[in-house]
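Since the structure comes first, as structure tokens, the remarks are kept for the end.
The values are calculated or read from the model by the stated rules, or taken from the named source; none is laboratory data. Just so we're clear, the structure is a prediction, and the values are computed from it rather than from any experiment. Methodologically, a virtual Cβ is constructed for each residue, glycine included, from the backbone with ideal geometry; neighbour enumeration extends over all protein chains shown. Quick note on the areas: whole protein, heavy atoms, side chains included, nothing else; ligands and nucleic acids left out. Shrake-Rupley method; radii C 1.70, N 1.55, O 1.52, S 1.80 Å.
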Amino acid sequence: MSKKIAFIGMGNMGAPMALNLHKAGFEVTVYNRSAEKVLPLKEQGLHTVGSLQDAVMHKDVVITMLSNDAAVKEVITGDEGILDYIEAPTVLVDMSTVSPDTSGELAETAAQMGITMMDAPVSGSVNAAESGNLVILAGGKKEVFESLQDIFEVVGKASYYFGNNGSGSKAKLVINLLLGTTMQGISESLVLAEKFGLERTTVLDMMQQAAVASPFLGFKRNLLLEEQYPAAFSLKHMHKDLGLILGQAREIGSVLPATSAAYQSYSAAMNHNMADMDMAAVFAELLSQSGAKN
Ligand code: NAP
């Protein structure tokens with residue numbers, strides 16, 4: 001019999017992931033704080049509920065996919081936190097991007113209440129979530145990681161086990177350092193090209209044929225050309241992740257100059273009302289700083 005899953009957080013990522021699990025035959029119950037976001041999923045046949053308690057009771061697996069540390073803490077251990085309603089052997093899997101410390105602390109609290117928890121954040125954006133091509137980065141007990149493969153194989157194309165609770169979140173920060181600084185690098189190259197008076201389309205064509213070509217550049221190409229930034233991965237989430245990375249780096253004594261510079265750019269973009277735009281809007285911020293655009 002297929003697993004009963006509660007999926008909490010129907011944002012840009014959670015909604016397509018939950019839908020794929022439903023299509024794969026899992027019994028999926030979804031909950032979102034803002035109730036209207038579950039309506040499209042209800043139309044697609046998923047079971048929707050109006051409270052966290054109703055979502056998580058009598059499930060095999062509870063998945064959370066939420067904005068940030070504060071959201072995950074509130075949903076798991078807050079006043080109406082789900083840990084009060086979950087009973088073993090239900091497994092709790094947080095797929096949000098949060099600090100490794102938060103992942104470790106929540107897992108410890110859950111363990112004290114007899115619940116097994118795993119951090120399993122994902123690499124890949126909305127297109128990968130929709131097509132089931134995410135990469136899952138997991139921390140927790142190895143046997144739990146193995147028992148979740150049927151779920152991970154539906155939402156993702158690969159899953160990697162990194163070790164104890166918090167290790168998945170550490171791996172996620174490692175990959176997002178590369179993502180955030182890559183976007184900063186692409187943007188700086190394009191700003192230089194703009195100031196040189198080079199044609200943007202041709203510059204992007206060149207980049208996509210050069211050794212630095214990447215699928216990521218392809219995903220962001222149209223946003224950069226059209227200077228329209230509907231969010232797949234919102235700038236506020238990348239800003240949050242770079243903040244988490246720098247916080248961890250300070251703790252463990254890691255020197256990350258390019259990450260610090262990128263963080264400043266994303267912070268400036270946040271101050272210019274770009275929080276809910278795609279992370280690629282950092283290009284607009286740098287264009288503006290260089291006087292290449294009014
Ligand atoms: P999103 O579209 O902003 O959705 C965030 C979700 O969190 C919404 O369902 C929101 O509910 C919920 N939420 C926020 N605060 C809450 C609270 N206090 N209590 C209950 N629910 C709360 O974010 P997303 O793009 O899906 O990203 C989710 C996570 O995945 C983030 O940690 C992000 O960094 C990570 N991630 C994102 C991408 C990407 O490309 N988008 C890729 C990889 C990883 P409401 O609807 O009520 O606000």
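Here, segment 171-289 is characterised by an Rg to Rh ratio of 0.97, where Rg is the alpha-carbon radius of gyration and Rh the Kirkwood radius. Heavy-atom surface analysis with a 1.4 Å probe gives the chain a carbon and sulfur content of 52 percent of its accessible area.
Hey, if you put +1 on the Cβ of every Lys and Arg and -1 on every Asp and Glu Cβ in the chain, which of PHE219, MET274, GLY156 ends up farthest toward the positive end of that dipole? The listed residue farthest towards the positive side: PHE219.
The orientation-averaged projection of the convex hull spanning the C-alpha atoms of segment 161-223 amounts to 5.2 square nanometres.
For segment 50-95, what log10 I(q)/I(0) values come out of the Debye formula at q = 0.25 1/Å, with one point per alpha carbon and no solvent? Each listed q maps to, in turn, -0.92. List the lysines whose Cα lies under 18 Å from the Cα of LYS3, skipping any in the same chain that are fewer than 8 positions away. By straight Cα distance, LYS3 reaches LYS23, LYS59. Cα centroid separation, segment 190-242 to segment 1-68: 33 Å.
Any idea what % of Cα-Cα pairs in segment 25-67 are farther than 12 Å? Summing the P(r) of segment 25-67 above 12 Å gives 59 percent of all pairs.
Counting heavy atoms of the protein chains only and a 1.4 Å probe, report the per residue accessible area for segment 212-260 as a whole number of Å². Ligands and nucleic acids excluded, the result is 51 Å² per residue. Using a probe of 1.4 Å on the protein chains alone, the accessible area found for PHE162 is around 110 Å².
In the assembled protein chains, VAL144 presents an accessible area of approximately 20 Å² (probe radius 1.4 Å).
Rolling a 1.4 Å probe over the heavy atoms of the protein chains gives segment 96-137 an accessible area of 32 Å² per residue.
Of the GluC sites (Glu not before Pro) found in segment 64-94, those in coil by DSSP whose Cβ has at most 11 other Cβ atoms within 10 Å are GLU80.
Listed by chain and number, the aspartates and glutamates placed with their C-alpha closer than 17 angstrom to that of LYS170 are ASP69, ASP94, ASP101, GLU105, GLU108, ASP119, ASP241, GLU251; residues fewer than eight positions away on the same chain are left out.
Among the GluC sites (Glu not before Pro) within segment 152-206, those in coil by DSSP and having at most 14 neighbouring Cβ atoms inside 10 Å are GLU199.
Using every pair of separate Cα atoms, the Kirkwood estimate puts the hydrodynamic radius of segment 25-107 at 13.4 angstrom.
Measuring r between the beta carbons of ASN12 and ALA88 and using R0 = 35 Å, the FRET efficiency lands at 0.65. Measuring spread by the Cα atoms of the chain yields a radius of gyration and Dmax of 19.8, 63 Å. Segment 113-183 and segment 75-96 have Cα centres spaced 18 Å apart. Comparing PRO215, PRO89, PRO16 in a Gaussian network model of the chain where C-alpha atoms under 10 Å apart are linked, the largest mean-square fluctuation is found at PRO215.
Using Cβ point charges alone (K and R +1, D and E -1), the dipole size of segment 4-163 about the Cα centre works out to roughly 440 debye.
Counted over all Cα-Cα pairs of segment 4-163, pairs farther apart than 23 Å make up 28 percent. Roughly what % of DSSP beta bridges within the chain run antiparallel, to the nearest 5? In the chain, DSSP labels about 15 percent of beta bridges as antiparallel.
Ignoring the sites themselves, the chain has its longest run without trypsin sites (Lys or Arg not before Pro) in a DSSP loop having at most 16 other Cβ atoms within 10 Å at 34-292. Charge dipole (Cα centre; +1 on Lys/Arg Cβ, -1 on Asp/Glu Cβ; no other charges) of the chain amounts to roughly 500 debye.
Think of the chain as a dipole: +1 on every Lys or Arg Cβ, -1 on every Asp or Glu Cβ, centred on the Cα centre; then among VAL144, MET10, THR201, THR201 lies furthest on the positive end. Counting Cα-Cα pairs of segment 128-198 in 5 Å increments starting at 0 gives whole-percent bin shares of 4, 15, 17, 17, 14, 9, 8, 7, 5, 3, 2, 0.
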